[in-house]
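The values are calculated or read from the model by the stated rules, or taken from the named source; none is laboratory data. Being a predicted model, the structure only gives us computed values, none of them experimental. All Cβ positions, glycine included, derive from the backbone under ideal geometry; neighbour counts span all protein chains shown. Ligands, DNA and RNA are excluded from the accessible area calculation, which covers all protein heavy atoms including side chains. Shrake-Rupley method; radii C 1.70, N 1.55, O 1.52, S 1.80 Å.
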Amino acid sequence: MASLTCSVSDLSSLLSSGATTNTSNAAAAEFLCGQLNAVSAQLSATTYAIDNTYLLFSAYLVFAMQLGFAMLCAGSVRAKNTMNIMLTNVLDAAAGGLSYYLLGFAFAYGSPSNGFIGRHFFGLKSFPSPAGDYSFFLYQWAFAIAAAGITSGSIAERTQFVAYLLYSSFLTAFVYPVVSHWFWSADGWASPTRPGKDFLFGSGAIDFAGSGVVHMVGGIAGLWGAFIEGPRLGRFDRSGRSVVLRGHSASLVVLGSFLLWFGWYGFNPGSFLIIVKSYGTTNQHGTFYGQWSAIGRTAVTTTLAGSTAALTTLFGKRLLVGHWNVIDVCNGLLGGFAAITSGCSVVEPWAAIVCGFVASWVLIGFNKLAEKLRYDDPLEAAQLHGGCGAWGLIFTGLFATKEYVAEVYSGGPADRPYGLLMGGGWRLLAAQVVQVMVVAGWVTATMGPLFYGLNKLKLLRISRDDEMAGLDLTRHGGFAYVYHDEDPSIRPDHHQFTMRKIEPTNSNFMSPANNNSNTDDDDNNNHVPSSTTINV
(Lines give C-alpha, C1' and ligand atoms only; values in the text may rest on other atoms or scores of the structure.)
Protein backbone atom coordinates (compact mmCIF):
# COMPACT_ATOMS: atom_id res chain seq x y z
CA MET A 1 0.00 0.00 0.00
CA ALA A 2 1.31 3.47 -0.86
CA SER A 3 2.32 5.77 1.99
CA LEU A 4 -0.41 8.12 3.17
CA THR A 5 2.04 10.72 4.63
CA CYS A 6 2.58 14.10 3.04
CA SER A 7 4.88 16.78 4.60
CA VAL A 8 6.19 20.25 3.72
CA SER A 9 9.73 18.92 3.46
CA ASP A 10 8.68 16.56 0.69
CA LEU A 11 7.34 19.44 -1.37
CA SER A 12 10.34 21.70 -0.55
CA SER A 13 12.84 19.21 -1.86
CA LEU A 14 10.96 19.05 -5.13
CA LEU A 15 10.55 22.81 -5.53
CA SER A 16 14.21 23.66 -4.69
CA SER A 17 15.91 21.01 -6.78
CA GLY A 18 17.23 23.54 -9.35
CA ALA A 19 14.87 22.44 -12.04
CA THR A 20 12.60 24.82 -13.88
CA THR A 21 9.49 26.10 -12.18
CA ASN A 22 7.19 24.16 -14.50
CA THR A 23 9.07 20.98 -13.88
CA SER A 24 8.95 21.49 -10.12
CA ASN A 25 5.25 22.24 -10.17
CA ALA A 26 4.55 19.18 -12.29
CA ALA A 27 6.52 17.00 -9.93
CA ALA A 28 4.70 18.47 -6.90
CA ALA A 29 1.33 17.92 -8.54
CA GLU A 30 2.23 14.36 -9.42
CA PHE A 31 3.29 13.70 -5.86
CA LEU A 32 0.10 15.17 -4.40
CA CYS A 33 -2.10 13.27 -6.83
CA GLY A 34 -0.32 10.06 -5.92
CA GLN A 35 -0.99 10.67 -2.23
CA LEU A 36 -4.63 11.56 -2.82
CA ASN A 37 -5.13 8.47 -4.97
CA ALA A 38 -3.68 6.36 -2.20
CA VAL A 39 -6.08 7.97 0.28
CA SER A 40 -8.98 7.39 -2.09
CA ALA A 41 -8.04 3.73 -2.54
CA GLN A 42 -7.81 3.28 1.21
CA LEU A 43 -11.21 4.87 1.77
CA SER A 44 -12.70 2.72 -0.99
CA ALA A 45 -11.29 -0.44 0.57
CA THR A 46 -12.62 0.64 3.97
CA THR A 47 -16.06 1.22 2.50
CA TYR A 48 -16.06 -2.27 0.96
CA ALA A 49 -14.95 -3.75 4.28
CA ILE A 50 -17.68 -1.96 6.24
CA ASP A 51 -20.40 -2.90 3.74
CA ASN A 52 -19.29 -6.54 3.60
CA THR A 53 -19.10 -6.75 7.38
CA TYR A 54 -22.60 -5.30 7.61
CA LEU A 55 -23.90 -7.83 5.08
CA LEU A 56 -22.16 -10.74 6.80
CA PHE A 57 -23.64 -9.73 10.14
CA SER A 58 -27.08 -9.52 8.53
CA ALA A 59 -26.55 -12.98 7.02
CA TYR A 60 -25.75 -14.36 10.46
CA LEU A 61 -28.96 -12.84 11.83
CA VAL A 62 -31.04 -14.33 9.02
CA PHE A 63 -29.39 -17.71 9.50
CA ALA A 64 -30.19 -17.52 13.22
CA MET A 65 -33.84 -17.49 12.13
CA GLN A 66 -33.38 -21.19 11.34
CA LEU A 67 -33.04 -21.79 15.06
CA GLY A 68 -36.19 -19.76 15.54
CA PHE A 69 -38.03 -21.85 12.96
CA ALA A 70 -36.78 -25.04 14.64
CA MET A 71 -38.00 -23.98 18.07
CA LEU A 72 -41.31 -22.71 16.70
CA CYS A 73 -41.91 -25.94 14.78
CA ALA A 74 -40.89 -28.15 17.69
CA GLY A 75 -43.25 -26.41 20.09
CA SER A 76 -46.13 -26.44 17.61
CA VAL A 77 -46.13 -30.21 17.01
CA ARG A 78 -46.89 -33.02 19.43
CA ALA A 79 -44.03 -34.43 21.46
CA LYS A 80 -44.01 -37.69 19.51
CA ASN A 81 -42.90 -35.83 16.35
CA THR A 82 -40.32 -33.47 17.84
CA MET A 83 -37.16 -35.14 16.56
CA ASN A 84 -38.62 -35.40 13.08
CA ILE A 85 -39.42 -31.70 12.73
CA MET A 86 -36.06 -30.69 14.22
CA LEU A 87 -34.26 -32.90 11.72
CA THR A 88 -36.15 -31.38 8.81
CA ASN A 89 -35.03 -27.91 9.89
CA VAL A 90 -31.42 -29.07 9.90
CA LEU A 91 -32.01 -30.65 6.50
CA ASP A 92 -33.39 -27.41 5.07
CA ALA A 93 -30.12 -25.64 5.87
CA ALA A 94 -27.79 -28.47 4.85
CA ALA A 95 -29.49 -29.61 1.63
CA GLY A 96 -30.31 -26.02 0.77
CA GLY A 97 -26.67 -25.06 1.15
CA LEU A 98 -25.49 -27.51 -1.50
CA SER A 99 -28.37 -27.02 -3.92
CA TYR A 100 -28.16 -23.23 -3.74
CA TYR A 101 -24.39 -23.35 -4.24
CA LEU A 102 -24.57 -25.63 -7.26
CA LEU A 103 -27.61 -24.20 -9.04
CA GLY A 104 -29.78 -21.80 -7.08
CA PHE A 105 -27.51 -18.79 -6.83
CA ALA A 106 -26.72 -18.95 -10.56
CA PHE A 107 -30.40 -19.12 -11.50
CA ALA A 108 -31.13 -16.14 -9.24
CA TYR A 109 -28.21 -13.76 -9.84
CA GLY A 110 -26.17 -15.17 -12.73
CA SER A 111 -25.83 -11.95 -14.74
CA PRO A 112 -25.77 -11.13 -17.57
CA SER A 113 -28.88 -13.14 -18.33
CA ASN A 114 -32.44 -12.89 -19.58
CA GLY A 115 -35.49 -11.70 -17.68
CA PHE A 116 -36.58 -15.21 -16.67
CA ILE A 117 -33.53 -16.97 -15.22
CA GLY A 118 -29.83 -16.43 -14.52
CA ARG A 119 -27.12 -18.39 -16.31
CA HIS A 120 -23.74 -17.71 -14.66
CA PHE A 121 -21.94 -18.50 -11.38
CA PHE A 122 -22.88 -22.19 -11.22
CA GLY A 123 -20.95 -23.57 -8.28
CA LEU A 124 -19.72 -19.97 -7.72
CA LYS A 125 -17.55 -20.20 -10.80
CA SER A 126 -15.95 -16.81 -11.68
CA PHE A 127 -17.03 -15.48 -8.32
CA PRO A 128 -16.64 -13.03 -6.61
CA SER A 129 -17.23 -10.39 -9.24
CA PRO A 130 -18.08 -6.70 -9.36
CA ALA A 131 -21.71 -7.78 -9.02
CA GLY A 132 -21.19 -9.33 -5.59
CA ASP A 133 -18.87 -10.93 -3.06
CA TYR A 134 -19.08 -14.10 -1.00
CA SER A 135 -21.02 -12.28 1.71
CA PHE A 136 -23.79 -11.67 -0.84
CA PHE A 137 -23.99 -15.40 -1.61
CA LEU A 138 -24.21 -16.27 2.08
CA TYR A 139 -26.96 -13.72 2.64
CA GLN A 140 -29.03 -14.98 -0.27
CA TRP A 141 -28.57 -18.60 0.80
CA ALA A 142 -29.98 -17.72 4.23
CA PHE A 143 -33.07 -16.33 2.48
CA ALA A 144 -33.46 -19.45 0.33
CA ILE A 145 -33.45 -21.85 3.27
CA ALA A 146 -35.92 -19.62 5.10
CA ALA A 147 -38.43 -20.26 2.30
CA ALA A 148 -37.85 -24.00 2.60
CA GLY A 149 -38.29 -23.84 6.37
CA ILE A 150 -41.70 -22.23 5.96
CA THR A 151 -42.90 -25.14 3.84
CA SER A 152 -41.75 -27.79 6.31
CA GLY A 153 -44.15 -26.43 8.95
CA SER A 154 -47.20 -26.92 6.73
CA ILE A 155 -46.59 -30.63 6.16
CA ALA A 156 -45.34 -31.49 9.64
CA GLU A 157 -46.24 -34.69 11.54
CA ARG A 158 -47.25 -36.80 8.54
CA THR A 159 -44.58 -36.56 5.84
CA GLN A 160 -41.95 -39.07 4.82
CA PHE A 161 -38.36 -38.02 5.27
CA VAL A 162 -37.44 -38.60 1.62
CA ALA A 163 -40.16 -36.13 0.60
CA TYR A 164 -38.56 -33.45 2.78
CA LEU A 165 -35.22 -34.06 1.11
CA LEU A 166 -36.63 -33.86 -2.41
CA TYR A 167 -38.87 -30.83 -2.00
CA SER A 168 -36.27 -28.84 -0.03
CA SER A 169 -33.59 -29.37 -2.66
CA PHE A 170 -35.94 -28.58 -5.53
CA LEU A 171 -37.29 -25.45 -3.86
CA THR A 172 -33.87 -23.95 -3.08
CA ALA A 173 -32.25 -25.05 -6.36
CA PHE A 174 -34.92 -23.91 -8.80
CA VAL A 175 -38.33 -22.66 -7.63
CA TYR A 176 -37.21 -19.94 -5.22
CA PRO A 177 -34.20 -18.76 -7.31
CA VAL A 178 -36.34 -18.12 -10.38
CA VAL A 179 -38.73 -15.94 -8.36
CA SER A 180 -35.88 -14.02 -6.76
CA HIS A 181 -34.39 -13.45 -10.22
CA TRP A 182 -37.65 -11.93 -11.46
CA PHE A 183 -37.93 -9.37 -8.67
CA TRP A 184 -34.45 -8.89 -7.20
CA SER A 185 -31.95 -9.35 -10.00
CA ALA A 186 -31.18 -6.33 -12.18
CA ASP A 187 -32.02 -8.55 -15.17
CA GLY A 188 -35.41 -9.68 -13.84
CA TRP A 189 -38.45 -8.79 -15.93
CA ALA A 190 -40.33 -7.29 -12.94
CA SER A 191 -37.35 -5.91 -11.01
CA PRO A 192 -37.46 -2.27 -9.86
CA THR A 193 -33.68 -2.03 -10.41
CA ARG A 194 -33.60 -2.81 -14.13
CA PRO A 195 -31.26 -0.53 -16.09
CA GLY A 196 -32.92 2.04 -18.32
CA LYS A 197 -36.65 2.69 -18.26
CA ASP A 198 -38.00 -0.74 -19.15
CA PHE A 199 -39.97 -1.25 -15.94
CA LEU A 200 -43.16 -3.18 -15.31
CA PHE A 201 -45.84 -0.44 -15.32
CA GLY A 202 -43.03 2.08 -15.22
CA SER A 203 -42.13 0.95 -11.73
CA GLY A 204 -41.33 -2.70 -11.26
CA ALA A 205 -42.68 -4.61 -8.29
CA ILE A 206 -41.31 -3.42 -4.94
CA ASP A 207 -40.72 -6.44 -2.70
CA PHE A 208 -37.83 -5.08 -0.69
CA ALA A 209 -37.09 -8.04 1.61
CA GLY A 210 -39.41 -10.76 0.36
CA SER A 211 -43.08 -10.77 1.38
CA GLY A 212 -43.66 -12.39 -1.99
CA VAL A 213 -40.26 -13.76 -2.96
CA VAL A 214 -39.69 -15.58 0.34
CA HIS A 215 -42.92 -15.79 2.33
CA MET A 216 -45.43 -16.37 -0.44
CA VAL A 217 -43.14 -18.91 -2.10
CA GLY A 218 -42.74 -20.90 1.11
CA GLY A 219 -46.37 -20.50 2.13
CA ILE A 220 -47.92 -21.53 -1.18
CA ALA A 221 -45.54 -24.47 -1.52
CA GLY A 222 -46.67 -25.59 1.93
CA LEU A 223 -50.30 -25.03 0.94
CA TRP A 224 -50.05 -27.54 -1.88
CA GLY A 225 -48.09 -30.03 0.18
CA ALA A 226 -50.63 -29.99 3.02
CA PHE A 227 -53.60 -30.01 0.63
CA ILE A 228 -52.36 -33.04 -1.30
CA GLU A 229 -51.42 -34.94 1.86
CA GLY A 230 -54.67 -34.20 3.61
CA PRO A 231 -55.21 -33.39 7.30
CA ARG A 232 -53.55 -35.21 10.16
CA LEU A 233 -55.43 -38.09 11.76
CA GLY A 234 -57.88 -36.74 14.30
CA ARG A 235 -57.68 -33.12 13.09
CA PHE A 236 -61.36 -33.21 12.06
CA ASP A 237 -64.03 -35.48 13.47
CA ARG A 238 -66.48 -37.49 11.42
CA SER A 239 -68.91 -34.61 11.22
CA GLY A 240 -66.18 -32.32 9.88
CA ARG A 241 -65.76 -30.25 13.02
CA SER A 242 -62.30 -28.98 13.83
CA VAL A 243 -60.39 -30.72 16.61
CA VAL A 244 -57.41 -28.83 18.01
CA LEU A 245 -54.21 -30.90 18.06
CA ARG A 246 -52.17 -28.73 20.36
CA GLY A 247 -48.42 -28.49 20.17
CA HIS A 248 -46.57 -29.83 23.17
CA SER A 249 -44.62 -26.74 24.26
CA ALA A 250 -45.80 -23.14 24.31
CA SER A 251 -42.40 -22.28 25.79
CA LEU A 252 -40.62 -23.38 22.61
CA VAL A 253 -43.10 -21.46 20.50
CA VAL A 254 -42.39 -18.24 22.41
CA LEU A 255 -38.63 -18.86 22.29
CA GLY A 256 -38.79 -19.46 18.54
CA SER A 257 -40.89 -16.34 18.00
CA PHE A 258 -38.38 -14.15 19.84
CA LEU A 259 -35.50 -15.65 17.85
CA LEU A 260 -37.36 -14.95 14.62
CA TRP A 261 -38.07 -11.39 15.78
CA PHE A 262 -34.37 -10.91 16.44
CA GLY A 263 -33.42 -12.38 13.07
CA TRP A 264 -35.87 -10.15 11.25
CA TYR A 265 -33.55 -7.22 11.96
CA GLY A 266 -31.14 -8.87 9.56
CA PHE A 267 -33.89 -9.92 7.19
CA ASN A 268 -35.38 -6.46 6.57
CA PRO A 269 -32.70 -3.83 7.36
CA GLY A 270 -30.02 -6.14 5.98
CA SER A 271 -31.69 -6.16 2.57
CA PHE A 272 -30.14 -2.76 1.88
CA LEU A 273 -26.93 -4.82 1.38
CA ILE A 274 -24.71 -1.77 2.01
CA ILE A 275 -24.72 0.82 4.78
CA VAL A 276 -22.08 3.39 3.73
CA LYS A 277 -24.10 5.43 1.24
CA SER A 278 -24.89 9.13 1.47
CA TYR A 279 -28.10 10.54 0.09
CA GLY A 280 -26.30 13.81 -0.67
CA THR A 281 -26.78 17.33 0.65
CA THR A 282 -29.89 18.06 -1.39
CA ASN A 283 -32.25 16.08 0.84
CA GLN A 284 -34.32 17.93 3.43
CA HIS A 285 -32.57 16.33 6.39
CA GLY A 286 -28.95 17.37 5.84
CA THR A 287 -25.62 15.56 5.69
CA PHE A 288 -26.31 13.42 8.76
CA TYR A 289 -29.01 11.60 6.79
CA GLY A 290 -28.03 8.66 4.59
CA GLN A 291 -28.64 4.98 4.01
CA TRP A 292 -27.81 4.34 7.65
CA SER A 293 -30.91 6.40 8.51
CA ALA A 294 -33.07 4.41 6.10
CA ILE A 295 -31.79 1.21 7.71
CA GLY A 296 -32.84 2.48 11.12
CA ARG A 297 -36.25 3.49 9.80
CA THR A 298 -36.69 0.01 8.32
CA ALA A 299 -35.98 -1.56 11.71
CA VAL A 300 -38.60 0.73 13.25
CA THR A 301 -41.31 -0.11 10.69
CA THR A 302 -40.55 -3.80 11.15
CA THR A 303 -40.95 -3.49 14.91
CA LEU A 304 -44.19 -1.50 14.74
CA ALA A 305 -45.88 -3.85 12.27
CA GLY A 306 -45.08 -6.96 14.30
CA SER A 307 -46.03 -5.34 17.60
CA THR A 308 -49.34 -4.06 16.25
CA ALA A 309 -50.22 -7.44 14.76
CA ALA A 310 -49.44 -9.18 18.04
CA LEU A 311 -51.66 -6.86 20.08
CA THR A 312 -54.45 -6.94 17.52
CA THR A 313 -54.41 -10.73 17.56
CA LEU A 314 -54.37 -10.76 21.35
CA PHE A 315 -57.55 -8.72 21.71
CA GLY A 316 -59.17 -10.04 18.53
CA LYS A 317 -58.89 -13.66 19.61
CA ARG A 318 -60.03 -12.69 23.11
CA LEU A 319 -63.24 -11.34 21.62
CA LEU A 320 -63.68 -14.33 19.33
CA VAL A 321 -62.83 -17.27 21.61
CA GLY A 322 -62.90 -15.75 25.10
CA HIS A 323 -59.34 -16.28 26.31
CA TRP A 324 -55.79 -14.96 25.93
CA ASN A 325 -53.74 -17.36 23.81
CA VAL A 326 -49.97 -16.94 23.60
CA ILE A 327 -49.70 -19.20 20.54
CA ASP A 328 -52.11 -17.04 18.59
CA VAL A 329 -50.25 -13.90 19.65
CA CYS A 330 -46.93 -15.34 18.43
CA ASN A 331 -48.47 -16.24 15.08
CA GLY A 332 -50.00 -12.78 14.80
CA LEU A 333 -46.61 -11.24 15.54
CA LEU A 334 -44.97 -13.24 12.75
CA GLY A 335 -47.83 -12.40 10.38
CA GLY A 336 -47.14 -8.71 10.91
CA PHE A 337 -43.46 -9.24 10.17
CA ALA A 338 -44.21 -11.23 7.01
CA ALA A 339 -46.51 -8.46 5.76
CA ILE A 340 -44.20 -5.49 6.39
CA THR A 341 -41.24 -7.23 4.75
CA SER A 342 -42.21 -5.97 1.30
CA GLY A 343 -42.55 -2.27 2.03
CA CYS A 344 -40.49 -1.88 5.21
CA SER A 345 -38.01 0.50 3.57
CA VAL A 346 -40.46 2.72 1.66
CA VAL A 347 -43.28 3.43 4.12
CA GLU A 348 -43.69 5.76 7.06
CA PRO A 349 -43.69 4.26 10.58
CA TRP A 350 -47.38 5.10 11.06
CA ALA A 351 -48.23 3.11 7.94
CA ALA A 352 -46.49 0.06 9.42
CA ILE A 353 -49.09 0.13 12.20
CA VAL A 354 -51.83 -0.09 9.57
CA CYS A 355 -49.98 -2.97 7.94
CA GLY A 356 -49.74 -4.95 11.17
CA PHE A 357 -53.37 -4.32 12.12
CA VAL A 358 -54.72 -5.61 8.80
CA ALA A 359 -52.23 -8.52 8.74
CA SER A 360 -53.65 -9.80 12.02
CA TRP A 361 -57.17 -9.98 10.61
CA VAL A 362 -55.91 -11.49 7.37
CA LEU A 363 -54.38 -14.32 9.39
CA ILE A 364 -57.49 -14.79 11.53
CA GLY A 365 -59.67 -14.81 8.41
CA PHE A 366 -57.54 -17.35 6.55
CA ASN A 367 -57.48 -19.61 9.61
CA LYS A 368 -61.27 -19.55 9.71
CA LEU A 369 -61.37 -20.38 6.00
CA ALA A 370 -58.92 -23.24 6.51
CA GLU A 371 -61.20 -24.77 9.12
CA LYS A 372 -64.20 -24.49 6.81
CA LEU A 373 -62.30 -26.23 4.03
CA ARG A 374 -60.85 -28.87 6.39
CA TYR A 375 -57.34 -27.77 5.54
CA ASP A 376 -54.73 -28.74 8.12
CA ASP A 377 -51.52 -26.73 8.59
CA PRO A 378 -49.93 -27.39 12.02
CA LEU A 379 -48.06 -24.07 12.03
CA GLU A 380 -50.57 -21.99 10.04
CA ALA A 381 -47.65 -21.43 7.65
CA ALA A 382 -49.66 -21.12 4.45
CA GLN A 383 -52.13 -18.71 6.03
CA LEU A 384 -49.44 -16.71 7.80
CA HIS A 385 -46.71 -16.50 5.19
CA GLY A 386 -48.84 -16.87 2.08
CA GLY A 387 -51.80 -14.75 3.15
CA CYS A 388 -49.97 -12.06 5.09
CA GLY A 389 -47.20 -11.99 2.47
CA ALA A 390 -49.75 -11.25 -0.25
CA TRP A 391 -51.28 -8.50 1.88
CA GLY A 392 -47.81 -7.02 2.37
CA LEU A 393 -47.34 -6.64 -1.38
CA ILE A 394 -50.71 -4.92 -1.77
CA PHE A 395 -49.95 -2.71 1.23
CA THR A 396 -46.74 -1.50 -0.43
CA GLY A 397 -48.68 -0.51 -3.54
CA LEU A 398 -50.95 1.58 -1.34
CA PHE A 399 -48.61 3.24 1.15
CA ALA A 400 -45.13 3.57 -0.41
CA THR A 401 -43.96 7.21 -0.20
CA LYS A 402 -42.41 9.19 -3.03
CA GLU A 403 -39.35 10.29 -1.04
CA TYR A 404 -38.43 6.84 0.26
CA VAL A 405 -38.98 5.11 -3.07
CA ALA A 406 -36.63 7.63 -4.71
CA GLU A 407 -33.99 7.03 -2.02
CA VAL A 408 -34.07 3.26 -1.98
CA TYR A 409 -34.51 2.79 -5.73
CA SER A 410 -32.33 5.64 -6.99
CA GLY A 411 -31.18 5.63 -10.59
CA GLY A 412 -34.63 4.98 -12.01
CA PRO A 413 -37.02 7.38 -13.69
CA ALA A 414 -37.67 10.67 -11.96
CA ASP A 415 -41.42 10.05 -12.07
CA ARG A 416 -41.25 6.54 -10.59
CA PRO A 417 -44.71 5.55 -9.28
CA TYR A 418 -45.37 5.20 -5.56
CA GLY A 419 -48.30 4.30 -3.31
CA LEU A 420 -51.85 4.86 -4.52
CA LEU A 421 -53.04 6.31 -1.20
CA MET A 422 -49.99 8.56 -1.05
CA GLY A 423 -50.87 10.20 -4.37
CA GLY A 424 -48.63 8.08 -6.59
CA GLY A 425 -51.25 6.64 -8.91
CA TRP A 426 -52.22 3.06 -9.66
CA ARG A 427 -49.14 1.79 -11.51
CA LEU A 428 -47.16 0.53 -8.50
CA LEU A 429 -50.26 -1.18 -7.11
CA ALA A 430 -50.78 -2.88 -10.48
CA ALA A 431 -47.20 -4.16 -10.41
CA GLN A 432 -47.75 -5.51 -6.89
CA VAL A 433 -50.92 -7.33 -7.93
CA VAL A 434 -49.04 -8.88 -10.85
CA GLN A 435 -46.41 -10.16 -8.44
CA VAL A 436 -49.02 -11.78 -6.22
CA MET A 437 -50.51 -13.59 -9.21
CA VAL A 438 -47.28 -14.73 -10.85
CA VAL A 439 -45.73 -15.96 -7.59
CA ALA A 440 -48.87 -17.94 -6.78
CA GLY A 441 -49.01 -19.31 -10.33
CA TRP A 442 -45.31 -20.22 -10.53
CA VAL A 443 -45.21 -22.04 -7.20
CA THR A 444 -48.44 -23.84 -8.02
CA ALA A 445 -47.10 -24.94 -11.41
CA THR A 446 -43.85 -26.29 -9.95
CA MET A 447 -44.46 -27.49 -6.39
CA GLY A 448 -47.99 -28.77 -6.97
CA PRO A 449 -46.93 -31.44 -9.50
CA LEU A 450 -43.95 -32.36 -7.33
CA PHE A 451 -46.10 -33.10 -4.29
CA TYR A 452 -48.71 -34.82 -6.46
CA GLY A 453 -46.08 -37.07 -8.01
CA LEU A 454 -44.57 -37.93 -4.64
CA ASN A 455 -48.04 -38.79 -3.37
CA LYS A 456 -48.75 -41.06 -6.35
CA LEU A 457 -45.43 -42.81 -5.78
CA LYS A 458 -46.32 -43.24 -2.11
CA LEU A 459 -43.31 -41.20 -1.09
CA LEU A 460 -45.18 -38.34 0.54
CA ARG A 461 -47.32 -39.44 3.49
CA ILE A 462 -46.41 -41.95 6.16
CA SER A 463 -48.65 -44.89 7.04
CA ARG A 464 -51.57 -44.60 9.42
CA ASP A 465 -49.86 -46.76 12.05
CA ASP A 466 -46.67 -44.70 11.90
CA GLU A 467 -48.63 -41.49 12.23
CA MET A 468 -50.49 -42.76 15.26
CA ALA A 469 -47.31 -43.94 16.97
CA GLY A 470 -45.36 -40.83 16.03
CA LEU A 471 -42.49 -40.27 13.64
CA ASP A 472 -39.89 -40.10 16.40
CA LEU A 473 -40.50 -43.69 17.44
CA THR A 474 -41.15 -45.23 14.02
CA ARG A 475 -38.62 -43.35 11.87
CA HIS A 476 -36.00 -41.87 14.18
CA GLY A 477 -35.28 -44.52 16.77
CA GLY A 478 -36.93 -43.05 19.84
CA PHE A 479 -38.54 -40.05 21.44
CA ALA A 480 -36.99 -36.62 21.78
CA TYR A 481 -37.69 -36.62 25.51
CA VAL A 482 -36.95 -39.29 28.14
CA TYR A 483 -40.14 -39.62 30.15
CA HIS A 484 -38.98 -42.48 32.39
CA ASP A 485 -36.19 -44.97 32.78
CA GLU A 486 -37.09 -47.99 30.71
CA ASP A 487 -34.88 -50.38 32.72
CA PRO A 488 -37.05 -51.89 35.51
CA SER A 489 -33.97 -53.18 37.34
CA ILE A 490 -32.98 -49.63 38.28
CA ARG A 491 -34.57 -48.47 41.51
CA PRO A 492 -34.70 -44.90 42.83
CA ASP A 493 -31.79 -44.01 45.07
CA HIS A 494 -30.44 -40.81 46.58
CA HIS A 495 -29.89 -39.42 43.06
CA GLN A 496 -33.52 -39.92 42.06
CA PHE A 497 -37.03 -39.40 43.31
CA THR A 498 -40.30 -40.92 42.15
CA MET A 499 -43.34 -38.86 41.17
CA ARG A 500 -46.64 -40.68 41.49
CA LYS A 501 -49.86 -39.70 39.83
CA ILE A 502 -53.14 -41.32 40.84
CA GLU A 503 -56.04 -40.98 38.43
CA PRO A 504 -59.60 -42.20 39.11
CA THR A 505 -61.05 -44.65 36.64
CA ASN A 506 -64.69 -43.69 37.31
CA SER A 507 -66.82 -41.15 39.14
CA ASN A 508 -67.19 -43.48 42.16
CA PHE A 509 -63.49 -43.47 42.93
CA MET A 510 -63.04 -43.01 46.68
CA SER A 511 -60.19 -43.04 49.15
CA PRO A 512 -57.27 -45.49 49.04
CA ALA A 513 -58.64 -47.14 52.17
CA ASN A 514 -61.83 -48.09 50.38
CA ASN A 515 -59.83 -49.40 47.46
CA ASN A 516 -57.86 -51.75 49.71
CA SER A 517 -61.09 -53.46 50.71
CA ASN A 518 -61.86 -54.28 47.10
CA THR A 519 -60.84 -57.85 46.33
CA ASP A 520 -61.43 -57.61 42.59
CA ASP A 521 -58.02 -57.97 40.94
CA ASP A 522 -59.04 -55.95 37.92
CA ASP A 523 -60.31 -53.10 40.03
CA ASN A 524 -57.15 -53.12 42.11
CA ASN A 525 -55.04 -53.01 38.98
CA ASN A 526 -57.03 -50.07 37.69
CA HIS A 527 -56.13 -48.11 40.79
CA VAL A 528 -52.40 -48.83 40.80
CA PRO A 529 -50.66 -45.45 40.66
CA SER A 530 -48.35 -44.80 37.76
CA SER A 531 -44.83 -43.72 38.62
CA THR A 532 -42.17 -41.79 36.78
CA THR A 533 -38.53 -41.71 37.80
CA ILE A 534 -36.78 -38.39 37.29
CA ASN A 535 -33.05 -37.77 37.64
CA VAL A 536 -32.14 -34.83 39.83
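General remarks:
- Accessible area expressed per residue, the stretch 351-420, with surrounding protein chains retained (probe 1.4 Å, Å²): 37
- A P(r) calculated from all alpha carbon pairs of the stretch 243-327, with 10 Å bins opening at zero, reads 15, 30, 26, 16, 10, 3, 0 percent.
- Protein accessible area in the stretch 169-308, 1.4 Å probe - carbon and sulfur %: 66
- Accessible surface of the stretch 316-471, 1.4 Å probe, proportion on carbon and sulfur as whole %: 65
- Relative packing of 323-333, 124-134, 346-356, 405-415, which averages over residues the other C-beta atoms within 10 Å, highest first: 346-356, 323-333, 405-415, 124-134
- Label-point gap, in nm, between T53 and S126 - each point 7 angstrom along Cα→Cβ: 3.2
- Remark: the M437-L373 segment gains 20.9 nm on full extension, using 0.36 nm per residue and subtracting the alpha carbon distance.
- Normalised per residue, the volume of the convex hull around the Cα set of the stretch 177-245 (Å³): 124
- To the nearest 10, the accessible area of F366 is 90 Å² with a 1.4 Å probe.
- Amide proton proximity set for F236, modelled H, under 5 Å, gap of 5+: V243
- Look at the alpha carbon pairs under 8 Å that are at least 6 residues apart: their mean separation over the length of the stretch 255-405 gives a relative contact order of 23 percent.
- When the pairs K80/K317; K317/K402; K317/K372 are compared against a 25 Å limit on Cα-Cα distance, K80/K317; K317/K402 fall above it.
- Label separation (W426 vs I274): 3.7 nm, computed from points 7 Å beyond Cα along the C-beta direction.
- When the residues M86, M468, M65 are ordered by accessible surface, computed with a 1.4 Å probe over the protein chains alone, the sequence from largest down reads M468, M86, M65.
- Peptides 66-75, 380-389 ordered by packing proxy, namely the average of other Cβ atoms within 10 Å per residue, highest first: 380-389, 66-75.
- Computed over the Cα atoms of the stretch 47-176, the ratio of the radius of gyration to the Kirkwood radius (Rg/Rh) comes to 1.03.
- Rounded to the nearest 10 square angstrom, R475 shows an accessible area of 100 square angstrom against a 1.4 Å probe.
- Surface exposure of the stretch 195-298, expressed per residue as accessible area with a 1.4 Å probe, stands at 43 Å².
- Inter-label distance, nm, simple model (7 Å from Cα along the C-beta direction), S239/F31: 9.7
- Normalised contact order of the stretch 337-437, rounded percent, pairs of Cα under 8 Å and 6 or more residues apart: 30
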